[in-house]
Ligand SMILES: Cc1cc2nc3c(=O)[nH]c(=O)nc-3n(C[C@H](O)[C@H](O)[C@H](O)COP(=O)(O)O)c2cc1C
């Protein structure tokens with residue numbers, strides 16, 4: 001008899017009904033929004049970052065967003081210039097308390113950011129704990145904060161991270177999870193500094209510093225905020241490869257050994273499983289929700305359950321980190337074998353895309369025959385598989401593995 005797997009996960013001692021969480025952003029801005037997300041099946045929320053309201057009034061540049069379009073895909077990535085919550089601190093913590101009271105089985109993470117004093121972190125940590133938050137996420141990573149001494153510059157400095165993590169930890173007894181910026185060459189030094197400061201877990205990634213476009217007539221990069229723009233945070237599906245890289249870098253390093261909360265371009269259950277296989281225990285989402293609404297969690301949960309059941313697993317914990325042993329240094333990759341493209345003429349529509357890419361970007365191994373079907377010269381093909389990647393027909397181009405031509 002097979003038993004249905006559970007989706008429950010234990011993340012640094014906190015029980016999540018499932019690993020899917022709203023990440024800290026406009027999708028988790030108020031009680032009503034988070035309550036609706038819980039009702040639709042999200043396991044946890046990381047509430048929009050709260051700062052102290054005795055220092056500076058938070059306002060946002062406008063327009064706040066610019067989307068990167070490609071063909072019919074309206075949002076392959078999203079650039080934002082949003083700041084942390086502009087709501088009064090007291091209102092935010094009251095919302096967190098009400099969420100915990102009405103949804104005791106769901107997890108509420110309070111994201112905090114000190115503004116002008118190191119002690120802000122301690123004050124906010126105490127307020128978060130008093131409100132009933134299960135965990136604290138330290139936002140060390142927003143790339144467009146306008147208050148000096150905040151945001152991703154903090155997240156690039158190991159000494160400051162260690163100090164602020166330790167101040168936060170010292171002020172509360174709930175687990176503390178620093179959130180890392182991808183705007184570093186290597187996340188390990190800052191993640192290890194967070195561990196040295198007492199971190200119980202790490203979350204990553206916040207947004208990538210970017211410019212998504214330029215208005216060709218106004219000569220202003222986008223989003224155009226009263227005639228100017230700036231490099232700011234980029235998120236969404238095109239960030240997933242960067243996020244997976246940082247999650248796997250941290251999960252592979254024996255010295256860190258902390259549970260990871262992964263985010264950056266998670267849209268589907270497949271994305272979710274990929275993050276878990278590379279070491280993430282919980283998963284956070286913003287841009288996919290901005291595009292498709294909270295309901296996407298139902299597909300993600302169902303897909304993850306099916307994947308676990310199909311592979312004989314009983315819990316997400318059975319798959320966490322299971323692909324890590326197959327991530328190696330480029331110098332360790334085999335040069336003994338290679339791929340050779342195979343084209344199924346029954347499926348081919350004769351568009352010639354494979355011929356074009358092979359002629360102009362690869363081995364000139366594909367010719368078109370008299371029936372306008374591509375033919376591969378197997379001795380010339382060097383197995384880049386660009387033809388397979390560009391082919392518009394699923395399953396039309398596959399490949400076989402042969403001894404390397406150059407051996
Ligand atoms: C409009 C917007 C506002 C955001 N605000 C915050 C924030 O207040 N605090 C924070 O830690 N991250 C913030 N983020 C970053 C997200 O939580 C998340 O790290 C990032 O968007 C990558 O995930 P995604 O690709 O699923 O969006 C924001 C992202 C967006 C798009």
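Can you tell me which of 173, 230, 166 is farther than 30 Å from residue 74 by Cα and in a loop (DSSP other than H, G, I, E, B)? Sole residue among the options that is farther than 30 Å from residue 74 by Cα and in a loop (DSSP other than H, G, I, E, B): 173.
Residues are listed down the side, and each one gets a yes or a no for (1) at pLDDT 95 or above; (2) outside any strand (DSSP E or B); (3) within 10 Å of the ligand (Cβ to nearest atom):
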{"site": "84", "(1), (2), (3)": "yes, yes, yes"}
{"site": "98", "(1), (2), (3)": "yes, yes, no"}
{"site": "111", "(1), (2), (3)": "yes, no, yes"}
{"site": "116", "(1), (2), (3)": "no, yes, no"}
{"site": "121", "(1), (2), (3)": "yes, yes, no"}
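Among the candidates 248, 315, the residue that is more than 16 Å from the ligand (Cβ to nearest atom) and surrounded by fewer than 21 Cβ atoms within 10 Å (Cβ to Cβ) is uniquely 315. Being within 16 Å of the ligand (Cβ to nearest atom), assigned to a helix (DSSP H, G or I) and crowded, with 21+ Cβ neighbours inside 10 Å is the requirement here; does residue 243 meet it? Taking the combined requirement at face value, the residue satisfies it. When region 362-386 is filtered for residues that are within 17 Å of residue 346 (Cβ to Cβ), touching a helix residue (DSSP H, G or I) at 6+ places or on another chain (Cβ under 6 Å) and in contact (Cβ under 8 Å) with a residue 24 or more places away in the chain, only 374 remains. Inside region 276-286, can you point out the residues that are away from the ligand (no atom under 11 Å from the Cβ) and touching a strand residue (DSSP E or B) at 6+ places or on another chain (Cβ under 7 Å)? Listed by number, the residues that qualify are 279, 280, 281, 282. Region 1-77 holds strands (runs of 3 or more DSSP E) entirely within its bounds, and those carrying 1 or more residues that are within 15 Å of the ligand (Cβ to nearest atom) and within 20 Å of the chain's Cα centre (by Cα) map to 20-22, 44-50, 65-70. Looking only at region 268-280, decide whether some residue is surrounded by fewer than 23 Cβ atoms within 10 Å (Cβ to Cβ) and on the phi > 0 side of the Ramachandran plot. Within region 268-280, not a single residue is surrounded by fewer than 23 Cβ atoms within 10 Å (Cβ to Cβ) and on the phi > 0 side of the Ramachandran plot.
A single entry from 197, 236 fulfils the requirement of being away from the ligand (no atom under 15 Å from the Cβ) and surrounded by 19 or more Cβ atoms within 10 Å (Cβ to Cβ): 197. Inclusion of residue 72 among residues that are surrounded by 18 or more Cβ atoms within 10 Å (Cβ to Cβ) and at pLDDT below 95 is not warranted. The residues of region 133-144 that are closer than 24 Å to residue 94 by Cβ, within 13 Å of the ligand (Cβ to nearest atom) and touching a helix residue (DSSP H, G or I) at 6+ places or on another chain (Cβ under 8 Å), listed by number, are 136, 138, 142.
The values are calculated or read from the model by the stated rules, or taken from the named source; none is laboratory data. None of these values were measured; they are calculated from a predicted model. Please note: Cβ atoms are built from the backbone with ideal geometry, for glycine as well, and neighbour counts cover all protein chains shown.
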